[in-house]
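Inspection log for the structure reproduced underneath, given as structure tokens.
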Amino acid sequence: MALRVDLSVQVEDALKELPAEGHRDVMEVIAAALTRRGSWPAPGGWDGAMQRGRRAWVAYTAYRDGIKVYEVGWTG
């Protein structure tokens, strides 16, 4: 089953502004969120969740086939 990741416009803009290391850290956290389906909020987009990594975090909502990332952060 293929999963989707929908990055909102604000997140895409934020990723463009990060240095390569920050971009990589954020993408690693997004990949971790995708593989940990048990940590997803109830599908449907009404509830949100946050996944944290070493120096990055993502806020997202879940759908049956993947997640929509609506905010990212990096502390590097």
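The values are calculated or read from the model by the stated rules, or taken from the named source; none is laboratory data. Source: prediction; values computed, not measured. For neighbour counting, all protein chains shown are included, and Cβ atoms are generated from backbone atoms with ideal geometry for every residue, glycine included. In case anyone asks, the SASA skips ligands and DNA or RNA and just uses the protein heavy atoms, side chains included. Shrake-Rupley method; radii C 1.70, N 1.55, O 1.52, S 1.80 Å.
Of everything in the range 7-53 that's under 15 Å from Gly73 (Cα atoms) and assigned to a loop (DSSP other than H, G, I, E, B), which residue is most open to solvent (accessible area, probe 1.4 Å)?
So the residue we want is Pro19.
Looking at this structure, is Ala2 open to solvent by less than 70 Å² (accessible area, probe 1.4 Å) and either part of a strand (DSSP E or B) or out of contact with any helix residue (DSSP H, G or I) (no Cβ under 6 Å at 6 or more places or on another chain) (or both)?
Considered against the rule, which asks whether it is open to solvent by less than 70 Å² (accessible area, probe 1.4 Å) and either part of a strand (DSSP E or B) or out of contact with any helix residue (DSSP H, G or I) (no Cβ under 6 Å at 6 or more places or on another chain) (or both), Ala2 comes out as no.
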